[in-house]
Amino acid sequence: MNTLALIAFALWALFMRCLPKIMEFIKLRQWSSSIPGPTISELIENVKKGQILSWFKELRQKHGSTFRIWFGKDLMVFFTDPEDIKQLLGNNNLLYKSSNYKIVTPWLGNGLLTNGGESWHTRRKFLTPAFHFRILSEFKEPMEENCRILMRRLDEKVEGGEFDIYPYITLFALDVICETAMGIKKNAQMQSESEYVKAVQQICHILHKRSFSFWQRNNIFFKFTQDGRKRDACLKILHDETDRVIKLRRKMLEDSKITSMLEAEKSCDSFGQKKRFAFLDMLLISQMEGVPLTDREIREEVDTFMFEGHDTTSSAIGFAIYLLSQHAEVQKQAYEEAVAFEGREKESMPYLEAIIKETLRLYPSVPFYSRSVKEDLQVGQITVPKGASVSILSYMVHRDEQYYPEPEKFDPSRYFKNEKDLHPFSFVAFSAGPRNCIGQKFAVLELKCSLSHLLRNFEFLPAKDFKPNPLPELVMKSGNGIKVCVKRR
């Protein structure tokens, strides 16, 4: 009897502990019936087809600018109207990412991407100076060095017919981010079979695969599956390497007797040239100056910068090259500007910047991003209840016909002299408000440098009958690569 009573008490205690969540779920189910949206079976069907973005277009046409989707037990409310987006992104209380970001937590920990609330605010505050444009300017040199390697590799493809340029771009972007984030040369473009390069590529693939798999997404035993074991093996390689580099760069700073940013700005190498410091160096110097950062927290931020700065930039460069290959007149005008601004890519390049924006409008690197609702939230005429998540569906925000006539047409003139006519929240590829992309200026600088170099050296021609298949993974990628032909200028 005592045993039965103990079991009954344990079950009752468990039920009482889960009761608030159960009540919250019931409330969400009741509320969701007032918002239009598809069934879970429709979601599963379209995930299997791999046509999620086309489906989103259908949902917006059918249900309007706001609709909801149940991802298992998680309710996501999607918004696509720029006025609603303005309200959401400008809300200082909407600072927590939704639960779907937990997928990347084993790699990135509580870095800036996954962190929330006051902890996020504190980190953002001391990380912001590292992305000052004056500091970013120092990153232009490694970008250009790696561009030259990319040019040599693409030379092998000149006049050789169509090929997939994306693998070349992603290795270039990995080289750039390794050098600017950690201060080390990985030579990914020349050594694509290295353990570290393969680990980065494999873990990105596993995370992308898991993000849209119902079984893997909610599987508490994921780490014991084949993909789970592969992920953990990759994590060991990546974390061990970041930890090794942290020790290496700290010793370099100690040997150079650099303990503050002021000393760093004055330091020169043995040739009298100003030393170049990586993102990691700035974090280590901040730690020396008394900023309360542990080595684990430094690793989290460096890994976050690596993840966000590698995949997103690769995506944007790849789709930009595809669009340029399809539009000869646009490419000609961009080439002329690239020649005129050679060596001055840090300056404003209006036409190339318009091309970058129009590329990101059509193919945003992050097609949707979401926040967790911690208290009931008023958005327009809707009150989203606590426990739900809200998602900014940038892919559809960028296709609002009120601001973008013929939304599927590639037309850089939308942002070239005509940008003032657009709603300020009709373009949100870099988010906006307090949680906007901290690396936006870095990304744009890398895009301008790489595309300028590519345009000055090559003419991109269309591959016959090729059209990319954009997939809304953690970062948007083309499921069938980016196929083009290249011709030396």
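Here the Karplus relation 6.51 cos²θ - 1.76 cosθ + 1.60, evaluated at θ = phi - 60°, turns the backbone of region 186-191 into coupling constants of 9, 6, 4, 5, 9, 10 Hz, with x for every Gly and Pro.
Per residue, the solvent-accessible area of the chain (1.4 Å probe, heavy atoms of protein chains only, all protein chains present) comes to 47 Å².
Ordered from highest to lowest accessible area with the whole protein assembly present and a 1.4 Å probe, Phe221, Phe78, Phe341 read as Phe221, Phe341, Phe78.
Calculate the spin-label point distance for Asn92 paired with Arg153, positioning each point 7 Å from the Cα along the beta-carbon direction, and give it in nanometres. For the pair Arg153/Asn92, the computed spacing is 4.5 nm. Once you reduce region 132-195 and region 425-475 to the center of their Cα atoms, the two points are 15 Å from each other.
Segment Glu342..Lys198, full-extension length gain: 48.5 nm, with 0.36 nm per residue of separation and the alpha-carbon distance subtracted. Length gained on full extension, Val291 to Arg244, computed as 0.36 nm times the residue gap minus the Cα-Cα distance: 14.8 nm. Peptides 256-263, 163-170, 105-112, ordered by how many other C-beta atoms sit within 10 Å of their residues on average, highest first, read 163-170, 105-112, 256-263.
Can you compute the label reach from Gln402? Point 7 Å from Cα along the Cβ direction, backbone N cut-off under 16 Å, restricted to region 26-42. Label zone hits: none.
Length gained on full extension, Phe126 to Gln440: 111.4 nm, using 0.36 nm per residue less the C-alpha separation. Simple spin-label estimate for Ala328 and Lys251 gives 5.8 nm between the two label positions (7 Å along the Cα-to-Cβ direction from each Cα).
With the charge dipole of the chain set up from +1 on Lys and Arg Cβ and -1 on Asp and Glu Cβ about the Cα centre, the Cα lying farthest toward the positive end among the listed residues Leu154, Asn457, Met396 is that of Met396. Near Lys386, the amide H atoms lying under 5 Å from its own belong to Asp376, Leu377; only residues 5 or more places off or on other chains count, and H is placed 1.01 Å from N. Summarising the label geometry, the points placed 7 Å from Cα in the beta-carbon direction at Lys62 and Ser41 lie 1.3 nm from one another. Descending by average beta-carbon neighbour count within 10 Å, the peptides 290-296, 426-432 line up as 426-432, 290-296, the highest first.
For region 396-408, the Karplus equation 6.51 cos²θ - 1.76 cosθ + 1.60, evaluated at θ = phi - 60°, returns couplings of 8, 4, 6, 10, 6, 5, 5, 10, 10, x, 6, x, 8 Hz by residue, with Gly and Pro reported as x.
Among the listed values (i) -0.71, -0.82; (ii) -0.53, -0.67; (iii) -0.59, -0.72, the one computed from these coordinates for log10 I(q)/I(0) by the Debye sum over Cα atoms at q = 0.08, 0.09 Å⁻¹ is (ii).
Taking all Cα pairs closer than 8 Å and separated by 6 or more residues, the relative contact order of region 360-425 comes to 29 percent.
Estimated from helices alone, the mean residue ellipticity of the chain at 222 nm is -16500 deg cm²/dmol (sum of -39500 (n - 2.57) over DSSP H runs with n ≥ 4, per residue). Counting only protein heavy atoms, what percent of the accessible surface of the chain is carbon or sulfur at a 1.4 Å probe? Reported share for carbon and sulfur atoms: 54 percent. Shown is the FRET efficiency for Leu262 and Ile220, computed with R0 = 41 Å from the Cβ-Cβ distance and rounded to the nearest 0.05: 0.25. Amide H contacts for Leu75 (H built 1.01 Å from N in the peptide plane; partners 5 or more residues away or on another chain; cut-off under 5 Å): Ser389. Each residue of region 96-113 is assigned a 3J(HN,Hα), and the resulting list reads 9, 6, 6, 5, 5, 6, 4, 4, 8, 4, x, 8, 9, x, 9, x, 4, 5 Hz, derived from the Karplus form 6.51 cos²θ - 1.76 cosθ + 1.60 (θ = phi - 60°), x at Gly and Pro. For Leu471, the residues whose modelled amide H falls within less than 5 Å of its own, excluding neighbours fewer than 5 places apart on the same chain, are Lys477, Ser478, Gly479. Set the Förster distance to 60 Å, then compute FRET efficiency between Thr3 and His423 from the Cβ-Cβ distance, nearest 0.05. It comes out at approximately 0.35.
The values are calculated or read from the model by the stated rules, or taken from the named source; none is laboratory data. For clarity, every value in this text was computed on a predicted model and none was experimentally measured. For neighbour counting, all protein chains shown are included, and Cβ atoms are generated from backbone atoms with ideal geometry for every residue, glycine included. Side chains included, ligands, DNA and RNA excluded: accessible areas come from the protein's heavy atoms. Shrake-Rupley method; radii C 1.70, N 1.55, O 1.52, S 1.80 Å.
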